[in-house]
Amino acid sequence: MNAFTFLVAAVAAMFAGLVAFIIGRAGKPKALPQGEEEKRQLLDAANAEALSIRKQAELDAQEAARKSRASLEESLRTQQAEVQRQVGEAQAKADALDRREKEVETESENLRRKVKELEAREESATAVAKNAAALSAEARAKLERVAGMNAEEARAALEEAEREQARVAAAADVRRIEDNARKEAEEKARMVLGAAIQRYASEYVTERTVSTVPLPSDDMKGRIIGREGRNIRALEAATGIDLIIDDTPEAVVISCFNPVRREIARIALTRLIADGRIHPSRIEEMVTKAEEEIAQQCRDAAEQALFDLGLGKMHPELLNLLGGLKFRSSNAQNLLQHSIEVAYLTGTMAGELGLNVKMARRAGLLHDIGKAVEQEMEGGHAQVGAAVAKKFGEPPVVCHAIEAHHQDIASSDVLDHLVDAANVLSGQRPGARREMLESYVQRLGDLEQIATSFSGVSKAYAIQSGREVRVLVENSRVSDDQARMLCKDIARKVESELSFPGQIKVAVVRETRATDYAK
């Protein structure tokens with residue numbers, strides 16, 4: 001408030017100075033008027049100007065006073081809030097100190113109680129020890145009297161008895177140690193296997209013996225067949241597959257047990273359909289390009305596997321055979337992915353045991369290389385794979401591990417057992433291999449389940465071997481526009497949740513029935 005009083009005084013002084021200045025100007029000799037009327041007018045004007053200046057000065061003083069008061073009030077509120085905060089913090093600290101003091105008192109009381117208990121136990125133990133010493137002396141005297149032996153003889157007899165007991169206990173300890181060692185070895189093996197499985201995860205795409213190629217329209221089927229069937233015969237002869245053209249709408253099926261030929265035929269037929277020019281010479285050209293593309297894919301896949309596993313170079317022919325496993329499967333398990341997984345597992349177990357990790361990965365990667373050889377050599381794939389690996393300069397330990405991974409020959413190295421164990425882990429773990437019928441039935445069930453999960457759907461049927469799902473909706477709950485949106489929603493959900501070859505047609509059926517009777 002002192003600042004406010006000072007500010008008002010300053011404004012009043014300024015106002016007085018202005019009035020004096022105006023009156024002084026009015027009283028200058030050279031500005032003096034000659035008549036009374038002029039004097040009166042000048043005086044009125046001076047008074048009016050002074051009144052205006054005074055009002056303005058009063059307004060300025062009031063505004064300055066208001067701002068000063070607001071600033072002082074804000075500063076006071078800030079100081080009050082800070083004081084309240086400090087008071088709260090001090091109160092909280094005081095409460096914490098009180099709680100801590102109570103806790104310390106409680107802990108001190110507990111310690112005092114425990115000290116008393118320990119002292120009582122110590123006194124009891126001392127009494128027991130004294131009693132035991134007395135009993136021991138009495139028993140020793142009685143023993144000497146009964147046995148007719150002195151202390152030295154009794155000591156010798158006791159030592160012999162103790163030694164016999166020690167031998168019995170040692171035998172039991174040896175047996176227990178052997179059992180524990182055997183158990184620990186089994187647990188260590190499980191830990192090594194578990195660590196290898198845990199540190200590697202892989203996804204598999206189920207391979208089938210058929211592939212579906214979508215068509216832009218059913219008219220394309222006639223062009224694929226050609227005049228008197230010459231186009232379809234040319235395609236089958238060039239690729240070695242069977243092309244099935246049935247009543248399936250806008251799709252044809254490629255059937256072949258050789259996945260490489262099936263993939264070549266699929267790529268060639270897809271490009272022929274996109275190009276539109278389908279005749280025997282064009283078919284041969286597309287098949288040749290597809291074969292070159294598949295060969296390049298095999299090489300790229302094998303090189304990528306070597307890079308991912310951190311392995312060195314490999315013979316080009318062996319590299320091509322390894323890449324060919326990309327399009328082959330065993331019990332619905334992709335062989336290249338299976339080989340990579342076996343390599344990872346073998347390398348992980350070898351690392352746990354302190355062995356050469358790269359050599360173990362190399363043996364695991366090539367363990368099924370014999371399956372890539374098409375009827376060119378006689379014997380099982382383990383023997384064929386070992387012969388092929390040896391032919392292209394692989395180390396003897398790798399060749400022996402390949403040949404022994406199915407126990408066709410006796411194992412002679414730890415690496416043989418690691419490759420065999422990794423192969424079993426990869427093939428028998430849950431989800432690695434599935435029966436084809438089970439996968440097919442599961443896909444049909446998933447299709448129907450996805451369709452019936454939407455509101456307004458009454459029934460859903462998977463038909464055309466899973467290539468179409470027909471959805472029946474309730475007429476009262478789903479309109480025509482909603483049926484179109486429902487069809488799109490089901491198709492998008494099928495795309496996001498299922499893995500399937502070709503395409504799946506989603507048909508939403510909304511039926512309106514009117515019934516009457518003629519009498």
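Under 6 Å between Cβ atoms, at least 6 apart or on separate chains: pull out the pairs that start in the range 448-467 with a residue that is closer than 17 Å to Pro249 by Cα and end on any residue that is assigned to a strand (DSSP E or B) and of a type in the set (A, V, I, L, M, F, W, C).
From the range 448-467, the pairs are Ala462/Val469.
List the number of the failed condition for Lys289; all other conditions in (1) closer than 22 Å to Ala372 by Cα; (2) among the charged types (D, E, K, R); (3) touching a strand residue (DSSP E or B) at 6+ places or on another chain (Cβ under 9 Å) hold.
(3)
In the range 357-378, is there at least one residue being modelled with pLDDT of 85 or more and surrounded by fewer than 17 Cβ atoms within 10 Å (Cβ to Cβ)?
Looking through the range 357-378, at least one residue is modelled with pLDDT of 85 or more and surrounded by fewer than 17 Cβ atoms within 10 Å (Cβ to Cβ).
Listed residues Ala147, Ala151, Ala170; which is loosely packed, with under 13 Cβ neighbours inside 10 Å, at pLDDT 70 or above and more than 29 Å from Gly324 (Cα to Cα)?
Just a single option satisfies the conditions, and that option is Ala170.
If you check Arg182 against the conditions, is it modelled with pLDDT under 75, exposed (fewer than 13 other Cβ atoms within 10 Å of the Cβ) and out of contact with any Asp or Glu (no Cβ under 9 Å at 6 or more places or on another chain)?
Yes.
Does Leu322 satisfy being part of a helix (DSSP H, G or I), touching a residue at least 12 places away in the same chain (Cβ under 8 Å) and closer than 20 Å to Ser211 by Cα?
Judged against the criteria, Leu322 is not a match.
Of the residues Arg113, Arg85, Arg69, Arg100, which single one is more than 30 Å from Leu158 (Cα to Cα), basic (Lys, Arg), touching a residue at least 40 places away in the same chain (Cβ under 8 Å) and surrounded by 10 or more Cβ atoms within 10 Å (Cβ to Cβ)?
Every option except Arg69 fails the conditions.
Hey, can you tell me all the residues within the range 304-333 that are closer than 17 Å to Ile264 by Cα and out of contact with any strand residue (DSSP E or B) (no Cβ under 9 Å at 6 or more places or on another chain)?
Correct list: Asn320, Leu321, Gly323, Gly324, Ser329.
Using the structure shown, decide if Gln337 is polar (S, T, N, Q), farther than 25 Å from Val424 by Cα and surrounded by 16 or more Cβ atoms within 10 Å (Cβ to Cβ).
Against the criterion (polar (S, T, N, Q), farther than 25 Å from Val424 by Cα and surrounded by 16 or more Cβ atoms within 10 Å (Cβ to Cβ)), Gln337 does not qualify.
The values are calculated or read from the model by the stated rules, or taken from the named source; none is laboratory data. Please read these numbers as outputs of a predicted model, since none were measured by experiment. As a convention, Cβ positions derive from the backbone with ideal geometry for all residues, glycine included, and neighbour counts pool all protein chains shown.
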